[in-house]
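What follows is a short report on a single structure.
The values are calculated or read from the model by the stated rules, or taken from the named source; none is laboratory data. Everything numeric in this text was worked out from a predicted model, so none of it was measured. Every residue, glycine among them, receives a Cβ derived from its backbone with ideal geometry; neighbour counts consider all protein chains shown. Remember, those area values only see protein heavy atoms, side chains included, never the ligands or the DNA or RNA. Shrake-Rupley method; radii C 1.70, N 1.55, O 1.52, S 1.80 Å.
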Amino acid sequence: QVQLVESGGGLVQPGGSLKLSCTASGSIFGVKAMGWYRQAPGKERELVAQITNGGSTNYADSVKGRFTISRDNGKNTLYLQMDSLKPEDTAAYYCKVDNWGNIYWGKGTLVTVSS
């Protein structure tokens, strides 16, 4: 069983930056993939960014060039650096771990982009 805790959300002005963290209770070394998802009010949850065990990454088109996903296996932590934030990035952001079929979700952290 893996427990995930996200942090780093908050209120930021358009054009600003935030860095989200997702810390796992157990080792993330060797998991198949880890990712960040988001869900805006009234919308379905969507993939924002994903990083595989081999280090490959993929991003939603809407965040390419602005967001960067990374992981630190030694700290059991996944990160999402978010730059040039836009109001449409406002959402609850969730961390997901795919441990070869065993799926774990965090409870989310809220990001609000507003002036």
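So, in segment 12-71, of the ones that are under 10 Å from the mean Cα position of the chain (by Cα) and among the polar types (S, T, N, Q), which residue ends up most open to solvent (accessible area, probe 1.4 Å)?
In this case the residue turns out to be 68.
Only one of these conditions is not met by residue 103: (1) part of a strand (DSSP E or B); (2) open to solvent by less than 70 Å² (accessible area, probe 1.4 Å). Which number is it?
(2)
From 111, 2, 63, grab the single residue that is of a type in the set (Val, Ile, Thr) and assigned to a strand (DSSP E or B).
None of the others qualify; the one that does is 111.
For the condition at pLDDT 95 or above, part of a strand (DSSP E or B), of a type outside the set (S, T, N, Q) and within 12 Å of residue 106 (Cβ to Cβ), what is the one hit in 20, 47?
20
For segment 72-99, what are the residues that are open to solvent by 40 Å² or more (accessible area, probe 1.4 Å) and on the phi > 0 side of the Ramachandran plot?
84, the sole residue that qualifies.
List the residue pairs whose Cβ atoms are under 9 Å apart, where the first residue sits in segment 63-78 and is more than 16 Å from residue 9 (Cα to Cα) and in contact (Cβ under 8 Å) with a residue 12 or more places away in the chain, the second is open to solvent by less than 40 Å² (accessible area, probe 1.4 Å) and part of a helix (DSSP H, G or I), and the two are 6 or more positions apart or on different chains.
From segment 63-78, the pairs are 63/89; 66/89.
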